[in-house]
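Below is one structure; the comments refer to it alone.
Every number here is computed from the coordinates shown, using simple stated rules; none is lab data. Please read all numbers here as calculations on a predicted model, not as lab measurements. Here the Cβ positions follow ideal geometry from the backbone for every residue, glycine too, while neighbour counts run over all protein chains shown.
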Amino acid sequence: QKRHTQSSGNPSKKRINYYPFGSLVPNRHGSSKPNGYRYGFNGKEDDWQIKGEGNSYDFGARFYDSRIGRFLSLDPLQTKFANLSPYIYAANNPVSHIDQDGKYALFIHYMLTRYKLMKSGISEVVANLIAHYSSTYTNNPASRSSTYEGALMGRVIVDKNVKYSQGNNSIFKSIGGALNGDQAKGILYKKWIDYTRTKDSQSEGAEAQKWHSTRTYSESNIISAQVSINRSLNNAWSLLFESASLSSIQHMEANTKAVENLGMAMHTLQDVQAHKGAIFRSTAKNLFGYFSWDGNTHDLDNDMHPNEFDFKRASFATESAIIVHQALNGVYKGIKNGQRIYTEGMTTEQLGQLNQALQKGGYELIDIERTDVSKIQKKGKR
């Protein structure tokens, strides 16, 4: 029997050939450890105990039967696409309706935000909620188009990000490691969350450029990358300060402006480090991605595998956002004397407001003659 190996020389856990709708090709699959590796078609968990290998997959929100090419429950978006069966998979065309890029790195935003919140003492339930708002809610790929194809593409992107969060990535070691299956489901769209506010997130709209630290192709000869970065930072801090005025992190609830603003602010602070005012060129409808390569400088590979320096900056900005939000609500747990925080883009008024909040807890904000960083110090200990 032929031994199947990876490029590393290690034996493969599983080899599978699929038909387009996910059923197994006879005599073209095998496993080095039968029933030991549960994932198959599109990276979904194989529910083999019930219906046999390769016949049923857990897509998170619904179960899918590859033998009939149908989901076993109604599409949550059924009212939006009344002309299509709510049970079909990939609009009955899985060859065309695939995600060629799969590089909207929702999982990076989700995992980084979740990890930093939990490290700061926030409960896992609240951390999961805010992390969802900083990732899937803000990016919102399924609302890029009013067509079924647009929504389908977005949902495939989200599904793939669930898979990526459970895989191998060099940055995972700095944010608590890969997620398990249950943890990764936090990335999936939620029926009970209203995504209307970010429906144009993947467009060339003005607000979308602020959220993602990008600029449009038409702007590229008018404003610089730095101007784009500055407007994103200004917007992020405005969102965060307003969020803090509405609720503390510990009391965040879904479908409130407080959690929407905080999630969007954290997403932007992370994207500033990744995109740096890159040119984003959208397309109205494109089944193979939501952008045009012509004139596009948005580095998708960096979204998936950020370089170490940029990711450290994104981590620092995320941690700082939590500290600022907490301090504005009179929560000083975790603040250390001499700690530096990311404050680039804050207005003089916002810096003053933060300093006043810190002073109530026995700290003060120190200017260290840097435009991007300030220092928190105990009062009277310079």
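For Tyr363, the residues whose modelled amide H falls within less than 5 Å of its own, excluding neighbours fewer than 5 places apart on the same chain, are Lys379. Backbone geometry of segment 213-219 corresponds, through the Karplus equation with coefficients 6.51, -1.76 and 1.60 at θ = phi - 60°, to 3J(HN,Hα) couplings of 6, 10, 9, 7, 4, 5, 8 Hz, x marking Gly and Pro.
Less than 5 angstrom separates the built amide H of Val373 from those of Thr343, all sequence-distant by 5 or more or on a different chain. Seen from every direction in turn and averaged, the convex hull around the alpha carbons of segment 335-378 projects onto 2.7 nm². Rounded to the nearest Hz, the phi-derived 3J(HN,Hα) couplings of segment 224-236 under the Karplus curve 6.51 cos²θ - 1.76 cosθ + 1.60 (θ = phi - 60°) are 7, 4, 5, 4, 4, 4, 4, 5, 5, 5, 4, 5, 4, where x marks glycine and proline.
Suppose the chain between Asp194 and Thr256 were pulled fully straight at 0.36 nm per residue; how much longer would it get relative to their current alpha carbon spacing? Once the chain is fully extended between Asp194 and Thr256, it gains 21.4 nm. Other residues within the sphere of radius under 12 Å centred on the Cβ of Gly176, judged by their own Cβ, net out at +3 (K and R +1, D and E -1).
Dividing the mean sequence gap of close Cα pairs (under 8 Å, 6+ apart) by how many residues segment 335-378 holds gives a relative contact order of 53 percent. Scanning residues 5 or more positions from Ser56 or on other chains, those with amide H under 5 Å from its amide H are Asp47, Ser66, with H placed 1.01 Å from N in the peptide plane.
Here the 3J(HN,Hα) profile of segment 317-331, calculated from phi with Karplus coefficients 6.51, -1.76 and 1.60 at θ = phi - 60°, is 5, 5, 4, 5, 4, 5, 4, 4, 4, 5, 4, 5, 9, x, 10 Hz, Gly and Pro shown as x.
For the cross-link pairs Lys160/Lys257; Lys116/Lys276; Lys173/Lys312; Lys116/Lys379; Lys257/Lys312; Lys210/Lys276, the ones whose C-alpha atoms lie over 18 Å apart are Lys160/Lys257; Lys116/Lys276; Lys116/Lys379; Lys257/Lys312.
Applying 1/(1 + (r/R0)^6) with R0 = 30 Å to the Cβ-Cβ distance of Glu349 and Ser224 gives a FRET efficiency near 0.75. When you count the other C-beta atoms within 10 angstrom of each residue and take the mean per peptide, 63-71, 267-275 line up highest first as 267-275, 63-71.
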